[in-house]
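Trainee: After the structure tokens below, expect a handful of questions from me.
The values are calculated or read from the model by the stated rules, or taken from the named source; none is laboratory data. None of the values given here were measured: they were computed from a predicted structure. Note that we place each Cβ from the backbone using ideal geometry, even for glycine, and neighbour counts take in every protein chain shown.
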Amino acid sequence: MDKSSVIHFARDQFLYSSSLDSITIMIMAKKGDIAKMELVHGDPYDFKGSNWIYKTTDMRYTGSDELYDYYRKTIELPHRRTRYAFRLTDHEGKTAYFSEKGFYDKLPEVGLLFALPYLHHTEVFSAPDWVKDTVWYQIFPERFANGNKELDPEGTLEWGSEDPTPDNFFGGDLEGVINHLDYLKELGITGIYFTPIFHAFSNHKYDTIDYMEIDPQFGTKETLKKLVDEAHARGIKVMLDAVFNHSGYHFKPFQDLLQHGEASKYKDWFHPHSLPLDEQKVNYDAFGYVASMPKLNTKNPEVKEYLLQVAKHWILECGIDGWRLDVANEVDFDFWRSFRKTVKEEKEDAYILGEIWHDSMPWLRGDQFDAVMNYPFLTAILEMFSSETLEPTEFAEKMTKVYHMYPHTVNKAAFNLIGSHDTPRILTECQGDIKKVKQIYTILLTFTGTPCIYYGDEIGMDGGQDPGCRKCMPWDENEQDRDMFEHVQTLIALRKEHPVLANEGDLLFVHIDSEVVMYKRESANADAYVLINLGDNEKELSIEECVGASLLYANPETSFTDTLSISKRGFAILKKEK
């Protein structure tokens, strides 16, 4: 038994709760090392004479990555507290107890065990309940639809007449989105995520001029309110993009600092290295060293109050349902804690989503964000389907690691994406192979989390790195891949009809070989199986677990009787009632 590889801490993804009467505990151990993992637990004050009263229960195996096996168990807490240790048995029958103070041959005294002293309501983490059932659609407003040509800025090009550049405009606006809400409803979308819509200079609007005004190119506050109302009438939530890390060059406080230097009352709104400001040398902190995006000083009380007013304003004025937080890891924790308190006081079930590309546990402890954009999920997808640097086994291991990075309560609200305005389109990443894209969408829409579709991917749009990924949406159906549309539409409908495919159940990779990836979704009432054939040949599988299952959906060449015959680059979704 390799004791050095056993990992557990009484916090974060290892110890968490979604209610006041239960706790979920996770532990990691060297892959293949442990034959049986048990949890010993009990109330620290529950004694019979001098003997502590405890229960022993099996930990549940929940998957493996390249180094570790993972185990998880949810236990009841009658008195909101517990002490616990782990009993490990190796393949030779040798046992050891693992507690907060180390390893022991027998169960140590209560004071040496891991402790949950008392579970308070503030320590129970839960994202808004509606999020786990939401299918998002990301819209880059300038390129989705032109609904009011009177708003077009000077020099606006004919819709889709040229390739996108960092500087050109095509006239997309909020009325264009309103005009196509029925299209989103038909697809099955229940949430819209907008990239910035506030007054800004660029076509991408990440260089804000005024956070309290809608960009004139997009419409007015009344237009946004109409859009939100129309979306809500169709069962669609609306989330806006908050760019609070930095402002734009034309933001009035920054212009004041440029003009007045030391005499400016806004000197402490930013991070100047010296004054006067020098745009050529960029002698001030700026996002990505871009002179036109000066970093805001969110520790300044005036800046903080201004931005918190922005957060409240659009909830109160237009009824938006959430905020996506741009470059969230570059803003201080204290600001985000205040932001969460402010937003939740105005709308308790508002969704707070951080843009962080790496391990995000420090922001997911219940005092800041509800979730983050799941870029590790995207990375694993691209490495298997695009660069093909991952074998199926390695993909399963990497996805299992992603799945155990955060508490399961967080995973249900994780914003799973396969592309955005910051990445090449998924069809381009897959070198135009639509079969790969269909397989990717099969995974996206049957995986734990809340999935997001980047506008146009559902009809086969292509495009390279920014600005190539920001083409105009083609509205002529003759220019759309309707077969791809129907595939995405079918998967969304299945996700809604069969909750086990969404967030009702757990997830475990159960069958992996050199060409096939298969994972199981488990719930109290049913199991579902998702299979992907990455090979260039038809694959016949006889899987004992799938006996008695029915075929929910597959590509036309795939069949299922006693065995599953899955076509090359095919997919299948099966379900078995319990």
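Trainee: Could you grab me the full set of residues in segment 545-578 that are assigned to a strand (DSSP E or B), small (Gly, Ala, Ser) and over 15 Å from His487 (Cβ atoms)? If you could, list the steps in order and put the result at the bottom.
Mentor: First, pick out the residues of segment 545-578 that are assigned to a strand (DSSP E or B): 550-554, 559-560, 564-566, 571-577.
From the residues that got through so far, the ones that are small (Gly, Ala, Ser) too are 550, 554, 559, 565, 572.
Within segment 545-578, Ser550, Ser559, Ser565 meet the criteria.
Trainee: Quick one: Asn168 ticks every box in (1) assigned to a loop (DSSP other than H, G, I, E, B); (2) buried (at least 17 other Cβ atoms within 10 Å of the Cβ) except a single one, so which number is it?
Mentor: Result: Asn168 passes all but (2).
Trainee: Right, another one. Are any of the residues in segment 232-242 among the β-branched types (Val, Ile, Thr), under 15 Å from Met293 (Cα atoms) and within 38 Å of the chain's Cα centre (by Cα)?
Mentor: no
Trainee: Residues that are crowded, with 23+ Cβ neighbours inside 10 Å, closer than 25 Å to Glu330 by Cβ and within 15 Å of the chain's Cα centre (by Cα): does segment 375-390 have at least one?
Mentor: Taking every residue of segment 375-390 in turn, at least one turns out to be crowded, with 23+ Cβ neighbours inside 10 Å, closer than 25 Å to Glu330 by Cβ and within 15 Å of the chain's Cα centre (by Cα).
Trainee: Is it true that Lys205 is under 13 Å from Glu142 (Cα atoms), among the basic types (Lys, Arg) and under 25 Å from the mean Cα position of the chain (by Cα)?
Mentor: Yes, satisfied.
Trainee: What are the pairs with Cβ atoms under 9 angstrom where one residue, in segment 195-224, is without any contact (Cβ under 8 Å) to a residue 40 or more places away in the chain and the other, located anywhere, is assigned to a helix (DSSP H, G or I) and basic (Lys, Arg)? Sequence gap at least six, or different chains.
Mentor: Glu213/Lys221
Trainee: Might you let me know whether segment 43-66 holds any residue that is hydrophobic (A, V, I, L, M, F, W, C), part of a loop (DSSP other than H, G, I, E, B), over 22 Å from Ala413 (Cα atoms) and in contact with an Asp or Glu (Cβ under 9 Å, 6 or more places away or on another chain)? So that I can check it myself, show each step before the final result.
Mentor: Going residue by residue through segment 43-66, those that are hydrophobic (A, V, I, L, M, F, W, C) are 47, 52-53, 59.
Next, from what is left, pick out any that are part of a loop (DSSP other than H, G, I, E, B): 53, 59.
With the extra rule that they be over 22 Å from Ala413 (Cα atoms), the set shrinks to 53, 59.
Then drop every residue that is not in contact with an Asp or Glu (Cβ under 9 Å, 6 or more places away or on another chain), which leaves 53, 59.
Yes, segment 43-66 contains a residue that is hydrophobic (A, V, I, L, M, F, W, C), part of a loop (DSSP other than H, G, I, E, B), over 22 Å from Ala413 (Cα atoms) and in contact with an Asp or Glu (Cβ under 9 Å, 6 or more places away or on another chain).
Trainee: How many residues, within segment 139-158, are in contact with a helix residue (DSSP H, G or I) (Cβ under 9 Å, 6 or more places away or on another chain) and either surrounded by fewer than 17 Cβ atoms within 10 Å (Cβ to Cβ) or not in a helix (DSSP H, G or I) (or both)?
Mentor: 7
Trainee: Is at least one residue of segment 158-176 aliphatic (A, V, I, L, M), in contact with a Ser or Thr (Cβ under 7 Å, 6 or more places away or on another chain), within 21 Å of Lys225 (Cβ to Cβ) and touching a residue at least 24 places away in the same chain (Cβ under 8 Å)?
Mentor: Restricting attention to segment 158-176, the residues satisfying the condition of being aliphatic (A, V, I, L, M) are 174.
This time we only want the ones that are in contact with a Ser or Thr (Cβ under 7 Å, 6 or more places away or on another chain), so: 174.
Those left that are additionally within 21 Å of Lys225 (Cβ to Cβ): 174.
Filter once more, keeping what is touching a residue at least 24 places away in the same chain (Cβ under 8 Å): 174.
Yes, segment 158-176 has at least one match.
Quick grid of which residues meet (1) among the acidic types (Asp, Glu); (2) within 30 Å of Asp367 (Cβ to Cβ):
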| site | (1), (2) |
| --- | --- |
| Leu116 | no, yes |
| Asp129 | yes, yes |
| Trp136 | no, yes |
| Arg143 | no, no |
| Gly155 | no, no |
| Pro166 | no, no |
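Trainee: Moving to a separate point now. Kindly indicate the residue of segment 298-345 that is under 21 Å from Asp210 (Cβ atoms) and of a type in the set (Gly, Ala, Ser) and also surrounded by the most Cβ atoms within 10 Å (Cβ to Cβ) among those meeting that condition. Explain how you work it out, then say what you get.
Mentor: Going through segment 298-345, the residues under 21 Å from Asp210 (Cβ atoms) turn out to be 298, 300-320, 323-327, 331, 335, 339, 342-343.
Applying the additional criterion that residues be of a type in the set (Gly, Ala, Ser) yields 311, 319.
Numbers: Ala311: 24, Gly319: 15.
Of everything passing the filter in segment 298-345, Ala311 is surrounded by the most Cβ atoms within 10 Å (Cβ to Cβ).
Trainee: OK, next. Could you name every one of the helices (runs of 4 or more DSSP H) located completely within segment 379-498 that has at least 1 residues being in contact with a Cys (Cβ under 6 Å, 6 or more places away or on another chain)?
Mentor: Once the helices (runs of 4 or more DSSP H) in segment 379-498 are filtered for at least 1 residues that are in contact with a Cys (Cβ under 6 Å, 6 or more places away or on another chain), what remains is 434-444.
Trainee: Separate question: Considering only segment 218-227, I want to know if a residue exists there that is out of contact with any Cys (no Cβ under 9 Å at 6 or more places or on another chain) and aliphatic (A, V, I, L, M).
Mentor: Looking for residues that are out of contact with any Cys (no Cβ under 9 Å at 6 or more places or on another chain) and aliphatic (A, V, I, L, M), one finds none in segment 218-227, hence no.
Trainee: Give segment 516-530 a look and list any residue that's surrounded by fewer than 20 Cβ atoms within 10 Å (Cβ to Cβ), of a type outside the set (Gly, Ala, Ser) and within 22 Å of the chain's Cα centre (by Cα), or say none.
Mentor: Selection gives Glu522 alone.
Trainee: Every residue in segment 466-493 that is touching a Phe, Trp or Tyr at 6+ places or on another chain (Cβ under 7 Å) and not charged (D, E, K, R), please.
Mentor: If the condition is that a residue be touching a Phe, Trp or Tyr at 6+ places or on another chain (Cβ under 7 Å) and not charged (D, E, K, R), then Cys472, Met473, His487, Val488, Thr490, Leu491 are the ones that fit.
Trainee: Among the residues of segment 159-182, is there at least one that is of a type in the set (D, E, K, R), assigned by TED's automatic domain parsing to the domain that holds Glu497 and touching a helix residue (DSSP H, G or I) at 6+ places or on another chain (Cβ under 8 Å)?
Mentor: Among the residues of segment 159-182, at least one is of a type in the set (D, E, K, R), assigned by TED's automatic domain parsing to the domain that holds Glu497 and touching a helix residue (DSSP H, G or I) at 6+ places or on another chain (Cβ under 8 Å), which makes the answer yes.
Trainee: Quick check on my filter: what residues within segment 310-338 are assigned to a helix (DSSP H, G or I) and without any contact (Cβ under 8 Å) to a residue 60 or more places away in the chain?
Mentor: Hits for segment 310-338 are Lys312, Ile315, Leu316, Asn329, Phe333, Asp334, Trp336, Arg337, Ser338.
Trainee: Could you please give the count of residues in segment 511-548 that are modelled with pLDDT of 90 or more, in contact with a helix residue (DSSP H, G or I) (Cβ under 7 Å, 6 or more places away or on another chain) and of a type in the set (A, V, I, L, M)?
Mentor: Qualifying residue count, segment 511-548: 7.
Trainee: Looking at (1) in a helix (DSSP H, G or I); (2) within 24 Å of Leu417 (Cβ to Cβ), find the lone condition where Leu258 falls short.
Mentor: Evaluating Leu258 over (1) in a helix (DSSP H, G or I); (2) within 24 Å of Leu417 (Cβ to Cβ) leaves (2) as the failure.
Trainee: Turning to a different aspect of this structure: Are any residues in segment 272-292 surrounded by 14 or more Cβ atoms within 10 Å (Cβ to Cβ) and within 26 Å of the chain's Cα centre (by Cα), and if so, which ones?
Mentor: Across segment 272-292, the qualifying residue is only Phe287.
Trainee: Let me confirm something: among Val488, Val410, which residue is modelled with pLDDT under 95 and buried (at least 18 other Cβ atoms within 10 Å of the Cβ)?
Mentor: When all the criteria are applied, what remains is Val410.
Trainee: What residue, among those in segment 67-95 that are of a type in the set (A, V, I, L, M, F, W, C) and not in a loop (DSSP other than H, G, I, E, B), is nearest to the chain's Cα centre (by Cα)?
Mentor: Of all residues in segment 67-95, those of a type in the set (A, V, I, L, M, F, W, C) come to 67, 75, 77, 85-86, 88.
Now restrict to residues that are not in a loop (DSSP other than H, G, I, E, B): 75, 85-86, 88.
Values: Ile75: 27, Ala85: 32, Phe86: 31, Leu88: 34 Å.
For segment 67-95, the residue satisfying everything is Ile75.
Trainee: Give Ala96, Ala29, Ala115 a once-over and let me know the one that is surrounded by 20 or more Cβ atoms within 10 Å (Cβ to Cβ) and not assigned by TED's automatic domain parsing to the domain that holds Ala380.
Mentor: After applying the criteria, what remains is Ala29.
Trainee: Taking Ile197, is it crowded, with 18+ Cβ neighbours inside 10 Å and in contact with a strand residue (DSSP E or B) (Cβ under 7 Å, 6 or more places away or on another chain)?
Mentor: When the stated conditions are applied, Ile197 passes them.
Trainee: Determine if segment 439-458 includes at least one residue that is in contact with a Pro (Cβ under 7 Å, 6 or more places away or on another chain), assigned by TED's automatic domain parsing to the domain that holds Thr409 and closer than 24 Å to Met373 by Cβ.
Mentor: For segment 439-458, residues in contact with a Pro (Cβ under 7 Å, 6 or more places away or on another chain), assigned by TED's automatic domain parsing to the domain that holds Thr409 and closer than 24 Å to Met373 by Cβ: present.
Trainee: Does segment 53-62 include one or more residues that are within 23 Å of the chain's Cα centre (by Cα) and basic (Lys, Arg)?
Mentor: Step one: of segment 53-62, the residues within 23 Å of the chain's Cα centre (by Cα) are 62.
Next cut, basic (Lys, Arg) only: none.
No, there is no match, as no residue in segment 53-62 is within 23 Å of the chain's Cα centre (by Cα) and basic (Lys, Arg).
Trainee: Moving on to the next point. Whether any residue in segment 326-343 is within 30 Å of Met518 (Cα to Cα) and of a type in the set (Ser, Thr, Tyr) is what I want to check.
Mentor: No.
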